[in-house]
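Have a look at the structure below, then the notes.
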Amino acid sequence: VQLQAFGGGLVQAGGFLKLSCEASGRTFRSYGMGWFRQAPGKEREFVSALSWNGAEKLYADSVKGRSTISRDNAKNTVYLQMNNLKPEDTALYYCAARTGPWASSGLGDYSYWGQGTLVTVSS
């Protein structure tokens with residue numbers, strides 16, 4: 001599985017972005033998917049995840065209420081809508097796929113990673 005994330009950019013605090021992650025392969029619809037982020041000098045951290053059918057969704061406390069994860073299996077794409085962005089949301093955002101069908105917040109549960117898309121939020 002190859003993943004390509006895009007949609008990052010520079011936005012002012014309070015603004016919004018919608019990240020997308022396109023996956024190759026016909027097995028996408030059976031994978032749990034996740035978004036992680038890594039800020040400069042910090043470890044990669046969980047942001048959000050959802051199950052193969054989108055029924056189960058997980059969010060980190062830091063983005064809960066401001067973000068929505070979704071997927072379109074017909075397009076092999078997972079999305080992360082982020083609203084009311086804060087400077088602390090500035091990071092490189094990665095999408096990831098796991099061969100299990102359920103959502104997971106565990107970084108080690110994911111086998112496939114995209115290259116990341118940069119989100120910069122100015123104050």
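The values are calculated or read from the model by the stated rules, or taken from the named source; none is laboratory data. Keep in mind it's a predicted model, so treat the numbers as computed, not measured. A quick note on method: Cβ atoms are made from the backbone with ideal geometry, for glycine too, and the neighbour counts reach across all protein chains shown. Heads up: the accessible areas ignore ligands, DNA and RNA and are worked out on the full protein's heavy atoms, side chains in. Shrake-Rupley method; radii C 1.70, N 1.55, O 1.52, S 1.80 Å.
If you stretched the chain out fully between residue 83 and residue 120, how much longer would it get, using 0.36 nm times the residue separation minus the C-alpha to C-alpha distance? If you can, show how the numbers build up before the last one.
Details: separation 37, 0.36 × 37 = 13.32 nm, distance 1.33 nm.
Between residue 83 and residue 120, full extension yields 12.0 nm more.
If you average 1/r over all unlike Cα pairs in the stretch 37-76 and invert the result, what Kirkwood radius do you get in angstrom?
One over the average 1/r among Cα pairs gives 11.6 Å for the stretch 37-76.
Using all alpha carbons of the chain, what is the percent of pairwise distances in each 5 Å bin, ordered from the shortest bin to the longest?
2, 13, 24, 27, 19, 10, 4, 1, 0
For the peptides 30-40, 14-24, what is the packing order when you average, over each peptide's residues, the other Cβ atoms within 10 Å and list the highest mean first? Working shown, then result.
Numbers: 30-40: 21.0, 14-24: 17.3.
Final packing ranking: 30-40, 14-24.
Quick check: residue separation of residue 75 and residue 107 times 0.36 nm, minus the Cα distance between them. What number comes out in nm?
Numbers: separation 32, 0.36 × 32 = 11.52 nm, distance 2.45 nm.
Length gained, residue 75 through residue 107: 9.1 nm.
With labels modelled as points extended 7 Å from the Cα through the Cβ direction, what inter-label distance (nm, one decimal) is found for residue 38 paired with residue 64?
Placing both labels 7 Å beyond Cα along the Cβ direction yields 2.6 nm.
Ignoring ligands, DNA and RNA, what accessible area per residue does the chain give at 1.4 Å, in Å²?
Using a 1.4 Å probe on heavy atoms only, each residue of the chain averages 50 Å².
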